[in-house]
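Written out below as structure tokens is the structure these notes cover.
The values are calculated or read from the model by the stated rules, or taken from the named source; none is laboratory data. Given the structure is predicted, the values throughout are model-derived calculations rather than measurements. With ideal geometry, Cβ positions are generated from the backbone for all residues, glycine too; neighbour counts draw on all protein chains shown.
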Amino acid sequence: MAADQSVRDADEDTYRIRVPVSSSSPSSSSSSSLRSGSPGRAQRRQAGKRTRTRRRRRAGLGALVLVVAVVAGAVLLDLPWAGSEAPAAGGSVQARATPSSPAPRTSPAASPKARASASPKASPSLKPSRTATATASTPPPAVPASGPGTFTVARAGASTTGGGSRYRVEVEDGIGVDPDKAAEDIAGILADPRGWAYDGTHSFRQVADDSAGLVIRVATPATTDRLCGSYGLNTHGEVNCRGGEKVMVNLKRWQLGSPQFDGPVSEYRALIINHEVGHWLGRGHETCPGPGRPAPAMMQQIKGLQGCVANAWPYDENGRYLGGPSVP
């Protein structure tokens, strides 16, 4: 038993001596190890230093790799094409579901435009354009260039302001204007206190027979040209005229007004009637009395306002005549 123990001890001593291998002879190493008892400890310290050095190197290398990865990621994110597959704010994400047909890459100069075009701001459904609003509004009435040259007389008694001058209203057939409605509009104009009926100076009564001393006709441009031409007047398919007891109202002006007149079509219709009936009453043309002042009803306003303000009436609300210097 004691012999076995001594053998194990010897083996253990031998094992401890053999572990720290040295370049010196076995005898000197064994004696040195036995004297100092520290070669294994010194080597472990040296190995620990090497391990710590390697760990520091690995940590430094790892930090360097992390920095490079972050910088590379930032560069990639900043590239113009990096966001080409990302949906714009408020946009659809369906582009991600179609990898088989990716959007082509664009140059850096063009990429801001591409991103702007994907913005909801450019979607017409979010912000209707002016064009969409105009098409949704009521379009101007159609104006045929010519008609049959036959007329329908408006029914009598649409309105009356007394037993004065008798007039008749006729509308060319097939032009989209109701004769009775046109007669109502004309009667309202002639009865307006700002018109020629101001203060009872003139009064008008609508009739439907030949007793009328004044005939007001609404006709197409071609018919207006033909009938005005019979009086030696050239209306060029654009303007109105008065010849004898007949007033010819050009359908184009009745329906569309005038580009020179800043006001609704109903006001321009009043200007047409007041101007032509004024001629029938014996008044001549007048011109602008001064910049900023109302244009006279007897002024040819369709030819330009010459600094005046568009106006349809011979008188103002206070009964003052809105005239100007006489011109041929």
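In the set Ala208, Ala270, Ala212, Ala219, which member is under 30 Å from Gly157 (Cβ atoms), in contact (Cβ under 8 Å) with a residue 40 or more places away in the chain and touching an Asp or Glu at 6+ places or on another chain (Cβ under 6 Å)? Result: Ala219 is the single residue among Ala208, Ala270, Ala212, Ala219 that is under 30 Å from Gly157 (Cβ atoms), in contact (Cβ under 8 Å) with a residue 40 or more places away in the chain and touching an Asp or Glu at 6+ places or on another chain (Cβ under 6 Å). Inspection of region 269-281 finds no residue satisfying the criterion of being more than 23 Å from Ala183 (Cβ to Cβ) and either modelled with pLDDT of 95 or more or more than 40 Å from the chain's Cα centre (by Cα) (or both).
Counting only residues that are in a loop (DSSP other than H, G, I, E, B) and surrounded by 11 or more Cβ atoms within 10 Å (Cβ to Cβ), region 300-319 holds 12 of them. As a summary of the residue check, Gly188 satisfies the conditions (1) surrounded by fewer than 18 Cβ atoms within 10 Å (Cβ to Cβ); (2) in contact with a helix residue (DSSP H, G or I) (Cβ under 7 Å, 6 or more places away or on another chain); (3) at pLDDT 95 or above except for the one numbered (2). For region 135-149, check the following and say yes or no: at least one residue is part of a helix (DSSP H, G or I) and modelled with pLDDT under 80. Taking every residue of region 135-149 in turn, at least one turns out to be part of a helix (DSSP H, G or I) and modelled with pLDDT under 80. Of the strands (runs of 3 or more DSSP E) lying entirely inside region 200-288, those carrying at least 1 residues that are closer than 21 Å to Gly174 by Cβ are 214-219, 246-250. Would you confirm, using the coordinates I've provided, whether Ala297 is crowded, with 21+ Cβ neighbours inside 10 Å, in a loop (DSSP other than H, G, I, E, B) and either of a type in the set (Gly, Ala, Ser) or touching an Asp or Glu at 6+ places or on another chain (Cβ under 8 Å) (or both)? For Ala297, the condition - crowded, with 21+ Cβ neighbours inside 10 Å, in a loop (DSSP other than H, G, I, E, B) and either of a type in the set (Gly, Ala, Ser) or touching an Asp or Glu at 6+ places or on another chain (Cβ under 8 Å) (or both) - is met. Within region 169-181, if we keep just the residues that are touching a residue at least 40 places away in the same chain (Cβ under 8 Å) and outside any loop (DSSP other than H, G, I, E, B), the residue that is nearest to Leu281 (Cα to Cα) turns out to be Val169. Scanning region 273-296 for residues that are on the phi < 0 side of the Ramachandran plot, aliphatic (A, V, I, L, M), touching a Leu at 6+ places or on another chain (Cβ under 8 Å) and without any contact (Cβ under 8 Å) to a residue 40 or more places away in the chain turns up at least one hit. Here Ala197 fulfils each of the conditions (1) of a type in the set (Gly, Ala, Ser); (2) in contact (Cβ under 8 Å) with a residue 60 or more places away in the chain; (3) buried (at least 20 other Cβ atoms within 10 Å of the Cβ) apart from (2).
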